[in-house]
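The values are calculated or read from the model by the stated rules, or taken from the named source; none is laboratory data. None of the values given here were measured: they were computed from a predicted structure. Backbone-built Cβ (ideal geometry, glycine too); neighbour counts: all protein chains shown.
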Amino acid sequence: MRIFSGLQPTGRKHLGNHIGAVRGYVEGQDRGDPAIYCIVDLHAITVAYDPNQLRSYLYDTAAMLLASGLDSARCILFRQSDVHEHTELCWLLASVTAHGDLNRMHQFKDKAVQQRELVSAGLFLYPVLQAADVLAYRAEEVPVGDDQRQHVELMRDIAIRFNATYGDVLTVPEHRIPKVGARIMDLQDPTKKMSTTASEERGLIYVDDEEKAILKKIKSAVTDSGSEVRRGEGKDGIANLIDIYAVTRGVTPEDVEREFDGQQYGAFKGAVAEAVGDYLRPVRERYAELRPDEAALESVLQQGAERARAIASETLRDVRAAMGVGAP
């Protein structure tokens, strides 16, 4: 089973990133043959960003992934822009990608609204590059959060259309979405997902937040006028906290509802804050040890890029041959 997934280096990582993606990466590195994880800096430049911060954010992300349990001896971890096969394959796959499909991408519509000065062609082609990221490695499984479901469906369509046109070259991947915690929501607006770029500070729990900050944010999380710790219509905030507690304690949402039956929101929020603090503490402490040594982080990324390039170059060779591109 070959596994691939990517994570953007867009600042400090939050609890939604960790629950929705990173914990799946750690679990997957022992199932993958290999498990391949990419920090997608080329995706990060499709919206407004600070060039001076991009590399710093990239090292932040690499350190956080390693602190969370990724082992460069058991998986491949690399920087997207170090493997040029991604960008060439993106262009080749664009020839079998329907313009109408890209127009229907929810993330393009959402992010385009936020880009007041320039809606870039790069943002429009983002899903094609994402497809190239995965298809370059003939990955069979793509661990993602629920918000990426539409993009995985598109990359499947691209692979199927390519194979129908040029022969059976690409592997059609399947998504792997966690059953609980696939979409952690903003603590201040539980109708939208937790996001580094779209959430306010109070709505986010960062992986490196101190425990006092975690307690304060969860205590002030928006809930509802009721008092029962259970999921249901109009209880988005409590449902979100139930999911967070379930994941961080390794239980089911039903277990959480039974455990807190008859208790008030205040006691429940305190328990959630404690669970999140326990869950993130070892990651935060290990991150503090790893992050200062950028040379070591760079070494991990470069070694990973060499291993990734060996796989991606074979796929690109086969794609070019099937399409009649380049010398025979």
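Quick check: is even one residue across segment 159-172 within 24 Å of ALA63 (Cβ to Cβ) and either surrounded by 19 or more Cβ atoms within 10 Å (Cβ to Cβ) or in contact (Cβ under 8 Å) with a residue 40 or more places away in the chain (or both)? No; the residues of segment 159-172 include none that is within 24 Å of ALA63 (Cβ to Cβ) and either surrounded by 19 or more Cβ atoms within 10 Å (Cβ to Cβ) or in contact (Cβ under 8 Å) with a residue 40 or more places away in the chain (or both).
Just one of the listed residues (VAL229, VAL222) is surrounded by 21 or more Cβ atoms within 10 Å (Cβ to Cβ) and part of a loop (DSSP other than H, G, I, E, B), and it is VAL229.
Checking VAL251, VAL256 one by one, the residue that is in the same structural domain as TYR206 (by TED's automatic domain parsing) and within 25 Å of the chain's Cα centre (by Cα) is VAL251 and no other.
Condition first: buried (at least 18 other Cβ atoms within 10 Å of the Cβ) and part of a helix (DSSP H, G or I). Can you find one or more residues in segment 320-327 that meet it? No, that holds for no residue.
For (1) surrounded by fewer than 22 Cβ atoms within 10 Å (Cβ to Cβ); (2) of a type in the set (S, T, N, Q); (3) modelled with pLDDT of 95 or more; (4) under 19 Å from VAL134 (Cβ atoms), each residue gets a yes or a no:
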position: PRO9; (1), (2), (3), (4): no, no, no, yes
position: ARG12; (1), (2), (3), (4): yes, no, no, no
position: ARG23; (1), (2), (3), (4): yes, no, no, no
position: GLY32; (1), (2), (3), (4): no, no, no, yes
position: THR46; (1), (2), (3), (4): yes, yes, no, yes
position: GLN53; (1), (2), (3), (4): yes, yes, no, no
position: VAL83; (1), (2), (3), (4): no, no, yes, yes
position: TRP91; (1), (2), (3), (4): yes, no, yes, yes
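Looking only at segment 14-36, filter to residues that are of a type outside the set (A, V, I, L, M) and outside any helix (DSSP H, G or I); which one of those is nearest to TYR206 (Cα to Cα)? This residue is HIS14. Considering only segment 193-219, state which residues are in a loop (DSSP other than H, G, I, E, B) and either modelled with pLDDT of 90 or more or in contact with a Leu (Cβ under 9 Å, 6 or more places away or on another chain) (or both). Within segment 193-219, MET194, SER195, THR196, SER199, LEU204, ILE205, VAL207, ASP208, ASP209, GLU210 qualify. On inspection, VAL207 passes the criterion of being outside the structural domain of LEU15 (by TED's automatic domain parsing) and under 30 Å from TYR137 (Cα atoms).
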